[in-house]
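Please read the structure below before turning to the comments.
The values are calculated or read from the model by the stated rules, or taken from the named source; none is laboratory data. A quick note: this is a predicted structure, and the numbers were derived from the prediction, not measured. Positions of Cβ are backbone-derived with ideal geometry, glycine not excepted, and every protein chain shown enters the neighbour counts. Areas reflect the complete protein model, heavy atoms only, side chains present, ligands, DNA and RNA absent. Shrake-Rupley method; radii C 1.70, N 1.55, O 1.52, S 1.80 Å.
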Amino acid sequence: MPEPVRSTCAYCGVGCGVLAEGDHVRGDPEHPANFGRLCSKGSALGETLGLEGRLLRPRIGGVETDWASALDLVAAKFTETITQHGSDAVAFYVSGQFLTEDYYVANKLMKGFIGSGNIDTNSRLCMASSVAGHRRAFGEDVVPGCYEDLDQADLAVLIGSNTAWCHPVLYQRLLSAREKRGTKIVAIDPRRTATSAEADLHLPLQSGTDVLLLNGLLTHLAERGAIDRAFVAAHTTGFDAAFALAKADAGSIAKVAEGCGLDPASVERFYGWFAATERSLTLYSQGVNQSAHGTDKVNAILNLHLATGRIGKPGMGPFSLTGQPNAMGGREVGGLANQLAAHMAFEDDGAIDRLRRFWGAPQIATKPGLKAIEMFDAVADGRIKAIWIAGTNPAVSLPDAGRVSAALKKCPFVVVSDVTVTDTTRYADVLLPAASWGEKDGTVTNSERRISRQRAFRPLPGEALPDWRIFTEVARRLGHAVAFPYESPAEIFREHARLTGFENGGARQLDLGDLVGADYETLEPVQWRGQRLYADGRFSTLDRHARFVAVRQEAAALAVSAAFPIVLNTGRARDQWHTMTRTGAVPRLMAHAPLPTIDLAPADAQGLADGDLVQIQSAHGAAIRRARVTDEQRPGSAFMAMHWSDQHAARAVAGALVNPTTDPWSGQPELKHTPIAIAPLKAGWAGFLLSRRPLRPTGFVHWSKRPVAGGWVFHLAGPEPAADGILLARRLIDTLPREGAIEYHDGRRGTFRAAFVDETRRLTDCLFVSRPEFQPDIGWLIALLAEQRPLADADRRALLSGRAPLDAVSEGRIVCSCFQVGIDRIAAAVRRDGIADVAALGQRLQCGTNCGSCLPELREIIAHECRLAAE
């Protein structure tokens, strides 16, 4: 048997190590980021490796062609555009899922040789505010801590981060530390999430009031004598101004509690814990970053740790949890429009000339380019006339997505390189097939600055190429062959490492000079500059002092109104990733949350029930989703998972609603606060189609699809009368042979059922349509499609009647995606076996024993069943 290939997970910034053996992927027990643990998504990586839907050949105008023709056209169009309109008329929009080597080549081409700063990345949407905050405070974009700090902290403050779902491997590590050392966990989040359910204290603050809460804490620390005056005096500047503004802003605990919508006793408890606990760790993510004031929120956090000297030491410090697998690597090579490579900036003295000389690039960009939102505004108004989008799906993920789509539609020349068809690829004049995870080699850097190798363990399919190779070939066609001699990612990595040390002299923490001569093929995970930075109090500013930044509480960019009275928050679902181009094809990852929903507080539901269709409207666009009424939401707020695209549902894109207002420092959009209105959309009919065929329904007001074992389920609904809904739905099966079909039609009740079998009597398609109140349970039909056995007479009778057979076993909604354990089986086990804790439940059913992200829900189910038993 060949040795398993050591690689790194393709999802979040935790950077988990994996072992790949054929198409089987498991956690690497020796990787220091995860020690063998994987989340539900990482555990399912092997199930995303199929070629269904892959782009395998270049296309021009939708017609397959050869690489030479496609690349020649890209180079010719970019040359023509630059000649006629200047270098700023072209742009690259790339991805945090790029490997560092991909990022390096793309950035070098645009900034060094095209001569424009117009390269930005979807990482702008997740961590740009952290970059700006780090630079303002430390002089460099540096995360100072490491994952071992989770093991050593006595207080962990999780702010704007549903860590239990978004970084579950780290969250389980934190829970283990609490079990061993009694670590207190505070969750600061407007929603009641899986993270807050496990916390010792949950502060459900009003959306957008983070700075007020944190300024109040800084004031409290000063009043309690908890400021490290010696550290502040020796290693920082600006404390007096920051404290004065914080005190004026926050005032008393009572004022903070009122402004944040919190219980004063809870605020006082949090403040007391932080003041009294030296080993305090603050972990933050998109709830902080994705704001029109995200950079100020980051600096409010950094101010606290600078004021107490809690930085660069075990178990303490500010810690940015990165969203994407290589957002950090992109930051290192300058993949953001306002950065240069190697943590240099346009405004740094001598940086532009230094980079010009290192690259031999006389046409190097001399000013920052357009950030993501600005970039697509420039596409819309015609300033950018040629854009290359690589490895990302802005037609779904960017705010005001309808405007983005309209801009791309009218752009004179659009290049898209990707692994599969997306909502964005429809606008491509040239479509280039890129290598996917498992097919290419390179490095990624995780949230603790640890560089790990991604290694290929599958051959390149069709004519797909790695992104670095595609950009290199275009660079050569643009006349820059001497500067782009690369034939392997190892050559690119060594050049990147040399650049980080070039004329550095200790000015920047990022210095990979010791890796220049390392064996790239056997490179072990390595944390650059060691575990913790700034322990000596010497920062990356010119005077080596950290800077306090005075910040005040500011209102959200857009206020609620009578027309739009509810605040929309968007974010991740537990088992999904970005726009579901990978995870959306894995049945078990779609089972926990199979429908596009919007979470509403009961007070805002206006008589709506779970599953009812609603029309959602903002000043920017509209969407249709199903209501999920839950007390997890604060009244006046709603939540939508960001993942649904036009490939998976009709009119369900969250980005169509989100406002594009950005932070003035970071350019990061305010994805957490958009005023919306919600109205019921009365459904006259509902239905579902099970099919082995990956269809694309059209003409429906609402549909969504999800994969199941053996095929797909399409959920259908519309406001038309049931009879019209039946006619619409029947079009999906009109092409199927009628011989052997099982059909039932009751016009009076508005019910239609049809099932189709193949020559071996195995179920191939099944359509049920009725008025919404007559929709049957679908679980037994999904099991029937998955079993792929010849139908028995009992099956045929059940299909005709629409009722599950008496012996059908219901799994119910899936709770544990790792082991496919449903709520019905869990509840039955709790009742039957008297199970009172998750450990016993895990021994019985396995649920909760892998990534742990379902543990909060398992505890709720156990508690609910125990209450019922007590009654």
* **List Ser704, Ser87, ordered by accessible area with a 1.4 Å probe, largest first** => Ser87, Ser704
* **Packing-based order for 111-122, 231-242, 543-554, using average beta carbon neighbours within 10 Å, highest first** => 111-122, 543-554, 231-242
* To do: Could you please state how large a percent of the accessible area of the range 540-659 is carbon and sulfur, counting protein chains only and using a 1.4 Å probe?
  => 54 percent
* Asked: Rounded to the nearest 0.05, what FRET efficiency do Ser561 and Asp519 have when you use their Cβ-Cβ distance and R0 = 60 Å?
  -> 0.50
* Pairs Lys108/Lys371; Lys184/Lys313; Lys41/Lys440; Lys371/Lys410; Lys367/Lys410; Lys41/Lys184: which are spaced more than 23 Å apart, C-alpha to C-alpha? -> Lys367/Lys410; Lys41/Lys184
* To do: Can you work out the accessible area per residue across the range 415-566, with the rest of the protein chains kept in place, probe 1.4 Å, in square angstrom?
  => 38 Å²
* For the range 297-381, what is the relative contact order in percent, using Cα pairs closer than 8 Å and at least 6 residues apart in sequence? -> 16 percent
* **Rg over Rh, two decimals, the range 101-197 (C-alpha only, Kirkwood Rh)** => 1.11
* What size of dipole, in debye to the nearest 20, comes out for the range 658-739 about its Cα centre when the only charges are +1 on Lys and Arg C-beta atoms and -1 on Asp and Glu C-beta atoms? -> 360 debye
* **List Glu473, Glu865, ordered by accessible area with a 1.4 Å probe, largest first** => Glu473, Glu865
* Points 7 angstrom from Cα along the Cβ direction at Ala76 and Ala233: gap in nanometres? -> 7.2 nm
* To do: Starting from the alpha-carbon convex hull of the chain, give the projected area averaged over all orientations, in nm².
  => 36.4 nm²
* Asked: Hull surface divided by four, with the convex hull built on the Cα atoms of the range 252-339: how many nm²?
  -> 7.4 nm²
* Once you charge only the Cβ atoms, +1 for Lys and Arg and -1 for Asp and Glu, what is the size of the charge dipole of the range 632-771 about its Cα centre, to the nearest 20 debye? -> 280 debye
* Asked: Taking the Cα centre of the chain as the origin, how large is its charge dipole in debye, to the nearest 20, when only Lys and Arg (+1) and Asp and Glu (-1) carry charge on their Cβ atoms?
  -> 680 debye
* To do: Starting from the Cα of Glu871, move 7 Å in the Cα-to-Cβ direction to define the label point; list residues of the range 841-859 whose amide nitrogen is under 19 Å from there.
  => 859
* **Measure of compaction for the range 4-61 (Cα Rg per 2.2 N^0.38 Å)** => 1.34
* To do: Counting helices only, and only those DSSP H runs with n ≥ 4, report the 222 nm mean residue ellipticity of the chain as the sum of -39,500 (n - 2.57) divided by its residues, in deg cm²/dmol to the nearest 500.
  => -9000 deg cm²/dmol
* To do: Have a look at Cys166, Asn659, Leu214 and report the one farthest towards the positive end of the charge dipole of the chain, computed about the Cα centre with Cβ charges (Lys/Arg +1, Asp/Glu -1).
  => Asn659
* What order, most packed first, do the peptides 306-316, 211-221 have when packing is the mean number of other Cβ atoms within 10 Å of each residue? -> 211-221, 306-316
* To do: In nm, give the distance between the simple-model label positions of Ser488 and Asp837, each being 7 Å from the Cα along the Cα-to-Cβ direction.
  => 5.3 nm
* Fully extended, how many nm does the chain gain between Leu727 and Arg762 (0.36 nm per residue separation, minus their Cα-Cα distance)? -> 10.0 nm
* Asked: What ranking of Thr849, Thr163 comes out by heavy-atom accessible area, probe 1.4 Å, highest first?
  -> Thr849, Thr163
* Projected label distance in nm at Arg749 and Leu595, using a 7 Å step from Cα toward the beta-carbon -> 2.1 nm
* Asked: In the structure shown, do any of Lys77/Lys385; Lys297/Lys672; Lys409/Lys672; Lys682/Lys705 have a Cα-Cα gap over 19 Å, and if so which?
  -> Lys409/Lys672; Lys682/Lys705
* Relative contact order, percent, the range 596-739 [alpha-carbon distance under 8 Å, six or more residues apart] -> 21 percent
* Calculate, for Glu773 and Asp263, the FRET efficiency according to 1/(1 + (r/R0)^6) with r their C-beta to C-beta distance and R0 41 Å; round to the nearest 0.05. => 0.50
* **Solvent-accessible area, 1.4 Å probe, carbon plus sulfur percent, for the range 375-507** => 52 percent
* Structure fact -> On the accessible surface of the range 1-150, probed at 1.4 Å with all protein chains in place, carbon and sulfur together account for a percent value of 53 percent
* Structure fact -> Along the dipole axis of the chain (charges at Cβ: +1 for Lys and Arg, -1 for Asp and Glu; origin at the Cα centre), the most positive-end residue among Ile188, Leu38, Ala686 is Ala686
* To do: Determine the relative contact order of the chain: mean sequence separation of Cα pairs under 8 Å and six or more apart, normalised by residue count, in whole percent.
  => 15 percent
* Mind jotting down the distance between the C-alpha centroids of the range 148-219 and the range 591-629, whole Å? => 27 Å
* Got a sec? Charge dipole of the range 612-728, +1 on Cβ for Lys and Arg, -1 for Asp and Glu; which of Ala723, Thr698, Gly710 is way out at the positive end? -> Gly710
* Asked: Starting at 0 and stepping by 5 Å, how many percent of the alpha carbon pairs of the range 167-238 end up in each bin?
  -> 3, 13, 15, 17, 15, 17, 15, 5, 0
* Sorted by packing (mean other beta-carbon atoms within 10 Å per residue), highest first, where do 427-434, 95-102 land? -> 95-102, 427-434
* Structure fact -> For the range 737-871 (alpha-carbon point model, no solvent) the Debye-based log₁₀ I(q)/I(0) at q = 0.09, 0.14, 0.18 Å⁻¹ works out to -0.39, -0.77, -0.95
* Structure fact -> Per the 1/(1 + (r/R0)^6) rule, R0 = 35 Å and r from the Cβ atoms of Ala68 and Val421, FRET efficiency to 0.05 is 0.90
* To do: Multiply the residue gap between Ser176 and Leu800 by 0.36 nm, knock off their C-alpha separation, and tell me the result in nm, one decimal place.
  => 219.4 nm
